[in-house]
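Below: the structure, in structure tokens.
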Amino acid sequence: MRKMIIIATLAVGMTAWAQSDSTKVEKDSTKVEKDSIEGFRFTTVDSVGITPVKDQNRSSTCWAFSTLGFLESEVLREKGKVVDFSEMYVVSKTMLDRATYCVRLYNEPHFSPGGSAYDVIYCMEHYGLVPQEAMPGIRYGWTKNDTLPVHNELDKVAGGYLNGLKSLKKLSPVWKEGLQAIYDTYLGKCPEEFEYEGKKYTPKSFVESLGLKEENYVSFTSYTHHPFYEKFALEVPDNWRMDQMYNVPIDELMQIIDEALAKGYTIAWAADVSELGFTRKGIGVVPDDDHGADITGSDMAKWVGMSSDKKKEELTKKPLPEKEITQEMRQDAFDNWENTDDHGMQIFGIAKDQNGKKYYMVKNSWGTMRSDYKGIWYVSEAFMRYKTNDILVHKNAVPKEIRVKLKLTVK
């Protein structure tokens, strides 16, 4: 694997981080990384402090990893303190809530391990958070590399339990305890009290000590089937809590992202990554595949005969012209099931390629070995405009003129 060293931006004591295999991010760099993916050379323009890349190992918990990474950056920004939150604490709490929701609707909605950024914020406010060491979420000698089969089994067992309730005419008062026991068995029990850095905390008092508050975070999306500058619950399966998001034009959504980064904030990002241009090597682009032969300089007959995988490789191995993304294209993709709530990540910086084209730096949760940039993805403006479903950001990061339109107050 080609290696890219990204130097940390943080001016705080981070000995443990520096000694780990974590990703380090270079801020205000003027150095072009030569040892990058074939055809792409990136220069970091600016970046915000992040915590190390983790590995969800393809379990359906990206929403927990990405949003907790976002909150870890919030603590870093506010307190200058590095904290590692437990994803599985949030998963355990959220899945019991989601199961209760399904049962109340006669188990008609699909019960799944997916979730949204708001699930993490809800958990933080109502149940608190705990550090990774208080609930590692790995039991019986399993290592992080074994978590995929473990989660597959957990998801099937928990789903089977919920499906079994369908045949009953009346539920016992302890059915939730039975489901919680499943999650406790696989992930460990959620601690009611723990010691951290020499002090005792409850999950709620831990959050209070870090200064995190639900009221500070707002969600945004951009679709035309609801009025702009009003709130609505985005109609995707994992928004089962019906989080009310502000709806703004796509140009203003991009403005929010850019201004947040400029002010030193990161963004929790929900996006569709199933399309042609999102590669497993660390690139996210929207290649103009309708003119694939022309933009790659390929013979038309040979191009037509290529497999889809080969076409994808040709269209994403170097900077090429991309599609011009409009509000209408976004809406069509959403209405035709092409823009779905596939994946959650964290936006933390801006870079440019060798042609001066702008990209967003994104922290993924697929470990450091699954991209050419140690777990970081470089996503073009076109991809961000097209494939963003929604974002979560600190309300102070929202541009003033947009806050006025939304009547969004800040302290």
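Mind checking which residues of segment 258-268 are of a type outside the set (Asp, Glu) and part of a helix (DSSP H, G or I)?
Selection gives Ala260, Leu261, Ala262.
Which one is surrounded by the most Cβ atoms within 10 Å (Cβ to Cβ) among residues in segment 292-307 that are assigned to a helix (DSSP H, G or I) and out of contact with any Leu (no Cβ under 8 Å at 6 or more places or on another chain)?
Among them, the one singled out is Ala293.
Yes or no, residue by residue, for (1) over 20 Å from Ala270 (Cα atoms); (2) basic (Lys, Arg):
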| site | (1), (2) |
| --- | --- |
| Gly349 | no, no |
| Gln354 | yes, no |
| Tyr359 | no, no |
| Asn364 | no, no |
| Lys395 | no, yes |
| Lys411 | yes, yes |
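Which number in (1) surrounded by fewer than 19 Cβ atoms within 10 Å (Cβ to Cβ); (2) under 28 Å from Gly49 (Cβ atoms); (3) modelled with pLDDT of 95 or more marks the one condition that Thr266 misses?
(1)
Just for segment 383-411: of the residues that are in contact (Cβ under 8 Å) with a residue 40 or more places away in the chain, farther than 20 Å from Asp46 by Cβ and touching a Lys or Arg at 6+ places or on another chain (Cβ under 7 Å), which one is surrounded by the fewest Cβ atoms within 10 Å (Cβ to Cβ)?
Top of the filtered list is Leu408.
Scan segment 255-276 for residues that are touching a helix residue (DSSP H, G or I) at 6+ places or on another chain (Cβ under 6 Å) and either within 23 Å of Tyr223 (Cα to Cα) or among the aromatic types (Phe, Trp, Tyr) (or both) and jot them down.
Listed by number, the residues that qualify are Ala260, Tyr265, Thr266, Ile267, Ala268, Ala271, Asp272, Leu276.
Check whether at least one residue in segment 356-373 is out of contact with any Phe, Trp or Tyr (no Cβ under 8 Å at 6 or more places or on another chain), among the charged types (D, E, K, R) and buried (at least 21 other Cβ atoms within 10 Å of the Cβ), and report yes or no.
Within segment 356-373, one or more residues are out of contact with any Phe, Trp or Tyr (no Cβ under 8 Å at 6 or more places or on another chain), among the charged types (D, E, K, R) and buried (at least 21 other Cβ atoms within 10 Å of the Cβ).
Report yes if Glu314 is touching a residue at least 24 places away in the same chain (Cβ under 8 Å), in contact with a helix residue (DSSP H, G or I) (Cβ under 9 Å, 6 or more places away or on another chain) and among the acidic types (Asp, Glu), otherwise no.
No; evaluated as a whole, the condition is false for this residue.
Could you check segment 137-256 for strands (runs of 3 or more DSSP E) lying wholly inside it with 1 or more residues that are farther than 30 Å from Gln327 by Cβ, of a type outside the set (Asp, Glu) and over 24 Å from the mean Cα position of the chain (by Cα)?
In segment 137-256, 194-196, 199-201 are the strands (runs of 3 or more DSSP E) which contain 1 or more residues that are farther than 30 Å from Gln327 by Cβ, of a type outside the set (Asp, Glu) and over 24 Å from the mean Cα position of the chain (by Cα).
Return the only residue of Tyr223, Tyr186, Tyr196 being closer than 24 Å to Ile138 by Cβ, surrounded by 19 or more Cβ atoms within 10 Å (Cβ to Cβ) and either touching a helix residue (DSSP H, G or I) at 6+ places or on another chain (Cβ under 8 Å) or at pLDDT 95 or above (or both).
Tyr186
Please go through segment 289-335 and pick out each residue that is over 24 Å from the mean Cα position of the chain (by Cα) and among the hydrophobic types (A, V, I, L, M, F, W, C).
Ala293, Ile295, Met300, Ala301, Trp303, Val304, Met306, Leu315, Leu320
For (1) closer than 25 Å to Glu78 by Cβ; (2) of a type outside the set (Asp, Glu); (3) touching a residue at least 40 places away in the same chain (Cβ under 8 Å), each residue gets a yes or a no:
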site	(1), (2), (3)
Phe206	yes, yes, yes
Gly211	yes, yes, yes
Tyr217	yes, yes, yes
Thr224	no, yes, yes
Glu230	no, no, no
Leu234	no, yes, yes
Asn247	no, yes, no
Asp251	no, no, no
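List the strands (runs of 3 or more DSSP E) that sit entirely inside segment 325-395 and contain at least 2 residues that are in contact with a Leu (Cβ under 8 Å, 6 or more places away or on another chain).
343-352, 388-394
Among the listed residues Val90, Val75, which satisfies the condition of being part of a helix (DSSP H, G or I), at pLDDT 95 or above and within 16 Å of Trp240 (Cα to Cα)?
Val90
Tell me yes or no: at least one residue of segment 269-287 is buried (at least 16 other Cβ atoms within 10 Å of the Cβ), assigned to a loop (DSSP other than H, G, I, E, B) and in contact with a His (Cβ under 8 Å, 6 or more places away or on another chain).
Checking segment 269-287: at least one residue is buried (at least 16 other Cβ atoms within 10 Å of the Cβ), assigned to a loop (DSSP other than H, G, I, E, B) and in contact with a His (Cβ under 8 Å, 6 or more places away or on another chain).
Which condition does Gly115 not pass, out of (1) touching a Ser or Thr at 6+ places or on another chain (Cβ under 6 Å); (2) part of a helix (DSSP H, G or I); (3) modelled with pLDDT of 85 or more, if it passes all the others?
The failed condition is (2).
Determine whether segment 45-63 contains at least one residue that is modelled with pLDDT under 50, within 21 Å of Asn355 (Cβ to Cβ) and either touching a Lys or Arg at 6+ places or on another chain (Cβ under 7 Å) or buried (at least 18 other Cβ atoms within 10 Å of the Cβ) (or both).
Within segment 45-63, none of the residues are modelled with pLDDT under 50, within 21 Å of Asn355 (Cβ to Cβ) and either touching a Lys or Arg at 6+ places or on another chain (Cβ under 7 Å) or buried (at least 18 other Cβ atoms within 10 Å of the Cβ) (or both).
Condition check: touching a helix residue (DSSP H, G or I) at 6+ places or on another chain (Cβ under 7 Å), assigned to a loop (DSSP other than H, G, I, E, B) and under 20 Å from His343 (Cβ atoms). Does Leu320 satisfy that?
When the stated conditions are applied, Leu320 does not pass them.
The values are calculated or read from the model by the stated rules, or taken from the named source; none is laboratory data. Note that the structure is predicted; figures quoted are calculated from it, not measured. When we count neighbours, we look across all protein chains shown, and the Cβ atoms used for this are built from the backbone with ideal geometry, even at glycine.
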